Amino acid sequence: DVKVTQSSRYLVKRTGEKVFLECVQDMDHENMFWYRQDPGLGLRLIYFSYDVKMKEKGDIPEGYSVSREKKERFSLILESASTNQTSMYLCASSLSGVAGYTFGSGTRLTVV
Amino acid sequence: GENVEQHPSTLSVQEGDSAVIKCTYSDSASNYFPWYKQELGKGPQLIIDIRSNVGEKKDQRIAVTLNKTAKHFSLHITETQPEDSAVYFCASPKEGSYIPTFGRGTSLIVHP
């Protein structure tokens, strides 16, 4: 089975800190995604990447950046964390197309 | 872009009853419709999907139906069990893209 691993289950950070969320997949998938999940709002796409060093903005990229230096690793960066970025962050990967999304277990980030 | 609406937001049933969750989409060119189940503390997991060339697909107690004319698709769970309790998401690809837009989710509670 494809495994998508997010490095932290829970994080607490202070306002203004730079935060790194890491995601690693082990099945050589081309595409990787970062979503945030908030109650009543579902899953909203922040950024995605379809190849190493390539990135595309999703629906809510403001306040975030990403890095994909290796195929298996996709990092989400909060340059200066704010309280409104308190959320559940989900990483996903897929081989190609829309089918076969595999999600990680999520990182619950709290910004205080 | 694609707009996906999901109803109801919460659904409470007795064990053994059936549960139906419905999604509507706006892009008539959409051709792939997955459903994801998210259990507490986990990431969403694909449970069933359907492509536009079929009207129904079944997998044991789960089925998905698609009405392309009306632009809606539904998840049907029969003989519900407490372990079916979870949040369910539908999705449909964004127009001209392989990136899915997710519904806002349905919290299904199955009472023993």
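Could you tell me whether any residue of segment A:76-83 is under 19 Å from residue B:102 (Cβ atoms), β-branched (Val, Ile, Thr) and either touching a strand residue (DSSP E or B) at 6+ places or on another chain (Cβ under 8 Å) or away from chain B (no Cβ under 13 Å) (or both)? No; the residues of segment A:76-83 include none that is under 19 Å from residue B:102 (Cβ atoms), β-branched (Val, Ile, Thr) and either touching a strand residue (DSSP E or B) at 6+ places or on another chain (Cβ under 8 Å) or away from chain B (no Cβ under 13 Å) (or both). If you check residue A:17 against the conditions, is it of a type in the set (Asp, Glu) and either part of a loop (DSSP other than H, G, I, E, B) or touching a His at 6+ places or on another chain (Cβ under 8 Å) (or both)? So residue A:17 passes the test. Condition test on residue A:52, is it assigned to a strand (DSSP E or B) and away from chain B (no Cβ under 12 Å)? Taking the combined requirement at face value, the residue does not satisfy it.
Tell me which residues, restricted to segment B:74-89, are part of a strand (DSSP E or B) and either without any contact (Cβ under 8 Å) to a residue 24 or more places away in the chain or away from chain A (no Cβ under 14 Å) (or both). Once the filter is applied, which keeps residues that are part of a strand (DSSP E or B) and either without any contact (Cβ under 8 Å) to a residue 24 or more places away in the chain or away from chain A (no Cβ under 14 Å) (or both), segment B:74-89 yields B:74, B:75, B:76, B:77. What residue, among those in segment A:21-32 that are within 14 Å of chain B (Cβ to nearest Cβ) and under 22 Å from residue A:82 (Cβ atoms), is surrounded by the most Cβ atoms within 10 Å (Cβ to Cβ)? Here the residue is A:23.
Results for (1) charged (D, E, K, R); (2) in contact with an Asp or Glu (Cβ under 8 Å, 6 or more places away or on another chain); (3) buried (at least 19 other Cβ atoms within 10 Å of the Cβ), shown as yes or no for each residue.
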| site | (1), (2), (3) |
| --- | --- |
| A:19 | no, no, yes |
| A:48 | no, yes, yes |
| A:52 | no, yes, no |
| A:66 | no, no, yes |
| A:83 | no, no, no |
| A:93 | no, no, yes |
| A:105 | no, no, no |
| A:110 | no, no, no |
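Read-outs: derived from the displayed coordinates by stated rules, not from any lab. The structure displayed is predicted, hence computed values, not measured ones. Glycine gets a Cβ as well: all are built from the backbone with ideal geometry, and neighbour counts include every protein chain shown.
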